[in-house]
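Participant: My questions all concern the structure below.
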Amino acid sequence: MSRVVAVILLAGAYLLTLASLDPLDIAAAVVISVVVLAGLRAFLLQAPALGAGEVARRALHLPAFALVILREISVGTWQVAAIVAGLRPLARPGIVQVPIGERTPNGVAVTALAITLSPGELLVDVDWSRRVMLIHVIDAGDPDGIRERYARVYERYQRAVFP
């Protein structure tokens, strides 16, 4: 993808987020996009080049992964809302160690982003030497169940898109 197209796509996403076409916002979007691309240049150069077939295969699996993340966000939202509204007690918040498994560093980053999008869960740290992610959850009463859920989501949905 050429740099110009990347800047246009990033700036477009920024402008959609702002819901604005003000000239100053457009200028800011372009500047931010250029800075982001320059900052990510080293990271992007290290990424393995994917063939067209691999990109297509990953694109086919992306909608299912996105739907699962939306489901996790919905469930987390209801859990937090029930606790905040006093309908459910805040029983056992805590940190659960979730094995990294076969996730690549990019896969860990995607998992971290997905975790953070869901209310009630937050990636605290990644212990690369022990190969675990430390995740703070609002209900850590069943740590094995939490580990199973993360393993299931990775194996069934994320791995095909972001290994």
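Participant: With Pro119, Pro163 as the choices, which residue is assigned to a loop (DSSP other than H, G, I, E, B) and closer than 19 Å to Arg58 by Cβ?
Facilitator: Pro163
Participant: Right, another one. For Leu21, which of the numbered conditions (1) surrounded by 11 or more Cβ atoms within 10 Å (Cβ to Cβ); (2) of a type outside the set (S, T, N, Q); (3) at pLDDT 85 or above; (4) not assigned by TED's automatic domain parsing to the domain that holds Ser129 fails to hold?
Facilitator: Checking Leu21 against (1) surrounded by 11 or more Cβ atoms within 10 Å (Cβ to Cβ); (2) of a type outside the set (S, T, N, Q); (3) at pLDDT 85 or above; (4) not assigned by TED's automatic domain parsing to the domain that holds Ser129, the one that fails is (1).
Participant: Identify all residues within region 81-116 that are of a type in the set (Gly, Ala, Ser), surrounded by fewer than 14 Cβ atoms within 10 Å (Cβ to Cβ) and in a loop (DSSP other than H, G, I, E, B); write none if there are none.
Facilitator: Within region 81-116, Ala85, Gly86, Ala91 meet the criteria.
Participant: While we're on this one: I'd like the residue in region 140-163 that is of a type in the set (Gly, Ala, Ser) and touching a Gly at 6+ places or on another chain (Cβ under 9 Å) and, out of all such residues, is modelled with the highest pLDDT.
Facilitator: Ala151
Participant: Consider only pairs whose beta carbons are under 8 Å apart and that are at least six residues apart or on different chains; among these, list those whose first residue lies in region 51-67 and is under 20 Å from Leu117 (Cβ atoms) and whose second residue is exposed (fewer than 10 other Cβ atoms within 10 Å of the Cβ) and of a type outside the set (A, V, I, L, M, F, W, C).
Facilitator: none
The values are calculated or read from the model by the stated rules, or taken from the named source; none is laboratory data. What you see is a predicted model; the values in this text were computed from it and never measured. In this analysis, Cβ positions are derived from the backbone assuming ideal geometry, glycine residues included, and neighbour counts consider all displayed protein chains.
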